[in-house]
Amino acid sequence: MNTAVRSRFGWALLSLLFFSAAAVAQAPSKEVLDRRYQAAVSDYEAGQYAQAATELEKLLPYAPRSYELHELLGMVYASQAVNDKAIDHLKTAVQIKPELAEARINLGATLARAGKAELAAEQFRKAVQLEPKNYDANHNLGEFYIQTGRLAEAQPYLEQAYQVHPEVYDNGYDLAMADFLLGKRDQARQVISELVKRKDTGELRNLLGQIDEKDGKYVEAANDYEAAAHLDPSEDNLFDWGSEMLLHRTYEPAIAIFQQGTQRFPKSPRMFIGLGLACYSRGIYDQAIKALITAADLSPADPRAYVFLSKAYNSSPLQADEVIQRFHRYAELQPGNALAQYYYAVSLWKGKRVSDPGTDMSAVESLLQKAIALDDSLAEAHVQLGNLYADQHQYEKSIPQYVRALELDQNLSDAHYRLGTDYVHVGRKEDAQKEFAIYQKLRAEHLAEVEKERAEVQQFVYSEKAPAPSKP
């Protein structure tokens, strides 16, 4: 955004000057004024802004109503980020020649840089009215709407700018992104296909991958993400490539890609989470735990690493001390977070089972009770507290926990089994048979748990891959 146009500063100055009455008698000759003005133009074009401003300010008393003089002074001050002075002179230029689109574009660009977006947009709209096919006016107005989250309003102006100058990369990319986010994937694909002929980039291939993914063209999407990563092995491109493999269960390539990503970006939590997920999905639990521990250390308050660390640890307790330390830290960082207390309880319990089965379980019980007090809808906490009581043969306490868990989620197969077992112990055989029947049905289907884990992976991936409305 904020594209300014070059005014015709090379025009002869005196042919357009309107001398003030007081200045006429002492005015230098036309030739002298022309030379001084042209010297200021040369200074501006050479980047000598302070020198240009000094000379132009000296000329101003002789031509207070010169469009060229105010326009150039505005551009000089804008180049120096002296926005107040720039805006004053550019406003005067617009007042002198309100019919010139370029004057309004330059004023709008300077207003935008000064943080006055709505005033800038007003100038861009007027410029479009004056010249409907002006590239700068359409592009800048389209960018304004993108930056204010109004994609549907932005798209026609970006489209018009694209029709005028299809070779301009930034406008074309933003148009393709806007089309994609608006669901116009065929149009976005067409724009990208034209852009890559002129400039093939990683971000274009990445966007094409997102389009192919939405269209269900998963092989093409994987190829797009791979091309993006080869063209530009950025964190985003490597993550998206690895994620595509992970989402579609090609775990070995996903592991290799995320390993490359962690080597290139060793401070990226999401790379280590991705590696952990890929290893976990492949059944390499110890490596998964190591990766997820690293992710948790890189961003200790980020809940995502702990969700998957809990799952991986459930399959491999060999790194108990390391895992317990991380969940303990998380619980202390998030004392009001029910899941944080739950994860710490479960990790502590599993660690105690491995190291000392006879250890007092009061700490685990207290943490599970705290988790439930913070969030009674946490079904997993009810199940685990029920398990704890059942292991202690306190069935009058365990049964209500299982019942509550199943009120919250009927698809918890283990809760049905444990509840049925407890019913057997208390002599409620008919109720037990009902629970066992439900358990057998759920285990036969074996879908709920798998789909839940897949949904959690998708949620993590898509939250990290969410496209930005426009480029920075």
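The values are calculated or read from the model by the stated rules, or taken from the named source; none is laboratory data. Keep in mind that this is a model prediction, so the values were computed, not measured. As a convention, Cβ positions derive from the backbone with ideal geometry for all residues, glycine included, and neighbour counts pool all protein chains shown. Heavy atoms of the whole protein, side chains included, go into the accessibility calculation; ligands, DNA and RNA do not. Shrake-Rupley method; radii C 1.70, N 1.55, O 1.52, S 1.80 Å.
Where residues in the range 277-321 are of a type in the set (Asp, Glu) and modelled with pLDDT of 90 or more, which of them is farthest from the chain's Cα centre (by Cα)? Outline the logic, then answer.
In the first step, residues of the range 277-321 are kept if they are of a type in the set (Asp, Glu); the result is 286, 297, 302, 321.
Still in the running and modelled with pLDDT of 90 or more: 286, 297.
On the way: 286: 31, 297: 22 Å.
For the range 277-321, the residue satisfying everything is 286.
Note on the range 353-431: enclosed helices (runs of 4 or more DSSP H) holding 2 or more residues that are within 20 Å of residue 339 (Cβ to Cβ) and open to solvent by 50 Å² or more (accessible area, probe 1.4 Å) are 362-374, 395-408.
The criterion of being modelled with pLDDT under 90, closer than 28 Å to residue 36 by Cβ and open to solvent by less than 20 Å² (accessible area, probe 1.4 Å) does not hold for residue 103. Scanning the range 85-97 for residues that are in contact with a Phe, Trp or Tyr (Cβ under 8 Å, 6 or more places away or on another chain) and of a type outside the set (A, V, I, L, M), we see that the one that is most open to solvent (accessible area, probe 1.4 Å) is 85.
The sole residue among 255, 192, 211 that is among the β-branched types (Val, Ile, Thr) and in contact with a Cys (Cβ under 8 Å, 6 or more places away or on another chain) is 255.
Give the range 44-71 a look and list any residue that's assigned to a helix (DSSP H, G or I) and either open to solvent by less than 30 Å² (accessible area, probe 1.4 Å) or of a type in the set (A, V, I, L, M) (or both), or say none. Don't jump to the end; show me each part of the working.
Start the filter on the range 44-71 by keeping residues that are assigned to a helix (DSSP H, G or I), which leaves 44-45, 49-62, 67-71.
If the condition is that a residue be assigned to a helix (DSSP H, G or I) and either open to solvent by less than 30 Å² (accessible area, probe 1.4 Å) or of a type in the set (A, V, I, L, M) (or both), then 44, 50, 52, 53, 56, 59, 60, 67, 68, 69, 70, 71 are the ones that fit.
Based on this model, can you work out whether residue 110 counts as assigned to a helix (DSSP H, G or I), open to solvent by 20 Å² or more (accessible area, probe 1.4 Å), modelled with pLDDT under 95 and of a type in the set (Val, Ile, Thr)?
Numbers: assigned to a helix (DSSP H, G or I): yes; open to solvent by 20 Å² or more (accessible area, probe 1.4 Å): no; modelled with pLDDT under 95: yes; of a type in the set (Val, Ile, Thr): yes.
So residue 110 does not fit the description; no.
Is it the case that the range 218-235 has a residue that's in contact (Cβ under 8 Å) with a residue 60 or more places away in the chain, open to solvent by 50 Å² or more (accessible area, probe 1.4 Å) and either of a type in the set (A, V, I, L, M) or more than 30 Å from residue 294 (Cα to Cα) (or both)? Looking through the range 218-235, none of the residues is in contact (Cβ under 8 Å) with a residue 60 or more places away in the chain, open to solvent by 50 Å² or more (accessible area, probe 1.4 Å) and either of a type in the set (A, V, I, L, M) or more than 30 Å from residue 294 (Cα to Cα) (or both). For the range 72-83, the set of residues classified as touching a residue at least 12 places away in the same chain (Cβ under 8 Å) and either open to solvent by 30 Å² or more (accessible area, probe 1.4 Å) or within 16 Å of residue 136 (Cβ to Cβ) (or both) consists of 74, 75, 78, 79, 80, 81, 83, listed by residue number.
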